[in-house]
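In what follows, a single structure is set out as structure tokens and then discussed.
Only the coordinates and a few stated rules stand behind these numbers; no lab work does. These numbers come from a predicted model, not from an experiment.
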Amino acid sequence: MNSNNYQIILENYPHKPKIELVLGDITNQKLDVIVNAANEQLLLGAGVAGAIRRKGGSQIQEECKNIGYTPVGEVAVTSAGELKDVKYIFHAVGPKYHSYSPNEADILLRDTISNSLKKLIELNLSSIAFPAISTGIFGFPLKRAAKNIIMEILDYLTNSPKQIHVCICLFKEEDYSIFYQVLQDKLVEN
Ligand code: AR6
């Protein structure tokens, strides 16, 4: 597989949602929402958060400061600052993998996905890009995260009230290949 972009319309789901996998930097995605892999203090550190801070400017961190503490599994919303092709940043607080039992970590990771998708609908938006939340500094094993993230997206899409476009943006070719394979497996199972 050499492509760095894969898209599929789920024809047999209500409202025919689109799922896309992209290899690249999430701050280059032109969608309504970019999801940040955040921490509970909403301090924009390294990884995805660092890229958002660099390109989005200091306003995003200021807004995060005003919101303050956000529990693991939940999502805070800010503007997209200088990221002009994006309407909002959703700061989804993923679990630190080693702070929980594996099953608890799975549930919390899935919560970040479902809470982000709920918020997308609440705000009447229709496209969103997720990074592989928790798989960098927070240490979540990549394949296990891919299964949780993709299963939660597919579960949500079976009940989605409207057509939405969900992109998962991977930073490394190896991560992209794993997500691609997990997505193919889940689509066959469903
Ligand atoms: N675009 C897309 N994916 C990226 C990018 C990017 N620009 N940069 C890294 N990744 P991480 P976490 C991938 O560490 O594990 C921060 O300090 C990366 O390869 O960003 O949830 C926060 O402030 C990995 O697969 O998020 C928190 O304190 C995935 O994105 C903490 O890290 C997530 O890596 C959150 O840790």
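Here, the chain has an Rg and a Dmax of 15.3, 44 Å when only alpha carbons are counted. Every helix of 4 or more DSSP H residues in the chain counts as -39500 (n - 2.57), and over all residues that averages to -13000 deg cm²/dmol at 222 nm.
With 23 Å as the limit, the listed pairs LYS65/LYS119; LYS84/LYS162; LYS16/LYS84; LYS16/LYS147; LYS18/LYS87; LYS87/LYS119 have LYS84/LYS162; LYS16/LYS84 beyond it between alpha carbons.
Among beta bridges from DSSP that stay inside the stretch 5-189, the antiparallel ones total about 35%. Candidate cross-link partners of LYS96 among the lysines, defined by an alpha-carbon separation under 16 Å and a same-chain spacing of 8 or more, comprise LYS143.
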